[in-house]
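To keep things clear, I will list the structure first and then write my remarks on it.
The values are calculated or read from the model by the stated rules, or taken from the named source; none is laboratory data. Everything numeric in this text was worked out from a predicted model, so none of it was measured. As a convention, Cβ positions derive from the backbone with ideal geometry for all residues, glycine included, and neighbour counts pool all protein chains shown.
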Amino acid sequence: MSGTVPPIARAIDHVILAVANLESAEAAFAGPLGFSVCGGGVHPQFGTVNRLIVLETGYIELISGQPESAPQGFIGAMLRDNREGWVGYALETADPAAAANILHERGFAVDGPDIGRLATTNGYDRGWQTVRLRDGASQGLPFLIRHDQSGLEHRRLLAGTEGTVPQPNGARSIASFTIAVRDLSEAADRYQRIFDLTEAGEGETDLMLQARLLPLQLSSGTAVKLAAPMSPGEGPVAAALAATGEGLFAIALTVEDLPGAVRSLRGRGVGVRVDEPNGVLVAAQLHSRDTHGARMSLVGSQD
């Protein structure tokens, strides 16, 4: 990649969580989990409806099928199989047209830029452009997006009439995300060639996940971890690959006060497993039964 050309993907934009019942998921995330859930709307062309958790940077999309409507695409397939969990994610790109041209030059078939728009009657209209690899969804790859607005205005439009507020549980941003893959070296080459991710250290072994991890990084600094099973068919990563194929496996959110967040979550009955090497709290894993199938952990803010 030339030093004068910006990376294809520069930051995580949002992650997508498929849920069987949107009202139930909103109650869980806004109640025991302590998030502010807002905005969202209906996607008639896909038969889906969503609500959002807007962070200082990035957001979480809760998505489900519309009542009396069959959701389409990979989200519909997951919901028809009575599964809940992460189904996709989007990476921010600076220039969708330039990204599409560069990917074409690199030999990849892409669709887009495609224009999307949410029209409202209350002043919260917003638009965006997306670029997708033609077979990207089946390979668990993200799509690229650029919103027409940015910064505080973008967050205001996402939140809609409920407005942007600090997350009650202290969540600020997506610190890192983990992608389940079958082969680490092949996946690392693919993500670097397509999205211009960079290497960010040596690989390591996670005994809890029974997986080998390889760290990559977006230009924004967000960590991207590739995870492949240590042994075929063994461990949580292998189980995810068998159930849904390659793709988003887990995310970590930064929070203002990690010990306080753990106490508060446990006080509201949320299952939390802490990581405390040498007695120092560094991360807290939320039980997936409380997060509608999403693997989600909390880490302390570095500010």
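Of note:
- Residue that is surrounded by the most Cβ atoms within 10 Å (Cβ to Cβ), among those in the stretch 107-125 that are at pLDDT 90 or above and at positive phi: Gly112
- Residue pairs whose Cβ atoms lie under 8 Å apart, sitting 6 or more positions apart in sequence or on different chains, and linking a residue in the stretch 148-166 that is more than 14 Å from Gly127 (Cα to Cα) to a partner that is among the aromatic types (Phe, Trp, Tyr), are Thr161/Tyr124.
- Restricting Ala200, Ala187 to residues that are buried (at least 17 other Cβ atoms within 10 Å of the Cβ) and not assigned by TED's automatic domain parsing to the domain that holds Leu52 narrows the list to Ala187.
- Lone qualifier among Ala243, Ala239 - being exposed (fewer than 13 other Cβ atoms within 10 Å of the Cβ) and aliphatic (A, V, I, L, M): Ala243
- Any hit, the stretch 98-106, residues being of a type in the set (Val, Ile, Thr) and either outside the structural domain of Glu61 (by TED's automatic domain parsing) or in a helix (DSSP H, G or I) (or both): yes
- In this structure, Ala99 does not satisfy being surrounded by 14 or more Cβ atoms within 10 Å (Cβ to Cβ) and under 25 Å from Ala294 (Cα atoms).
- Top-ranked residue in the stretch 275-291 [being part of a strand (DSSP E or B) and modelled with pLDDT of 95 or more; ranked as surrounded by the most Cβ atoms within 10 Å (Cβ to Cβ)]: Ala284
- Spans of strands (runs of 3 or more DSSP E) in the stretch 121-205 with at least 2 residues of a type in the set (Val, Ile, Thr): 126-133, 171-180
- Residue check, Thr254 out of contact with any His (no Cβ under 6 Å at 6 or more places or on another chain), loosely packed, with under 14 Cβ neighbours inside 10 Å and assigned to a strand (DSSP E or B): no
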